[in-house]
1. If we restrict to alpha carbons, what Rg and Dmax does segment 23-64 come to, in Å?
2. Hey, rough spin-label estimate for Val72 and Ala55, points 7 angstrom out along Cα→Cβ, what's it come to in nanometres?
3. Just the number: Rg to Rh for segment 37-98, Cα atoms, Kirkwood Rh, two decimals.
4. Amide H to amide H under 5 Å from Ser62: which residues, 5+ apart in sequence or cross-chain, H placed 1.01 Å off N in plane?
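Just so it is clear, none of the values below were taken in a lab; they were calculated from the coordinates. None of the values given here were measured: they were computed from a predicted structure. Cβ placement follows ideal geometry from the backbone for every residue including glycine, while neighbour counts extend to all protein chains displayed.
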Amino acid sequence: MKLILVACLFAVALARPQDLNDVPILRDDRLNEGNGNFNYDFETGNGIVVSAVGAPGVEGQSNIQGTYTYPVGDGTVVEVTYTADENGFRPSVRLVKN
């Protein structure tokens, strides 16, 4: 459930109008150890950067800590840092002016 929430929030960040066929993937690193531990990092040519680390939780959920950033039209970059675990999804949002 919490992973779905994270995916939905990320989808909202990507929902701004753009032609995705023209956006290059600059970095895409993923590791899945097969035991519930994973991490991923990727970056796109339009300024989106995503990083997360996950591990199995005591109640069967995935505990995830991550960050994603994306630019908005006025030069501001939105940075969301979050934890998702047995206590829910807890984001922290910061706006960075360039």
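1. Looking at segment 23-64, its Cα Rg and Dmax stand at 12.6, 39 Å.
2. 3.4 nm
3. With Rh from the inverse mean 1/r over Cα pairs, Rg/Rh is 1.07.
4. Gly57
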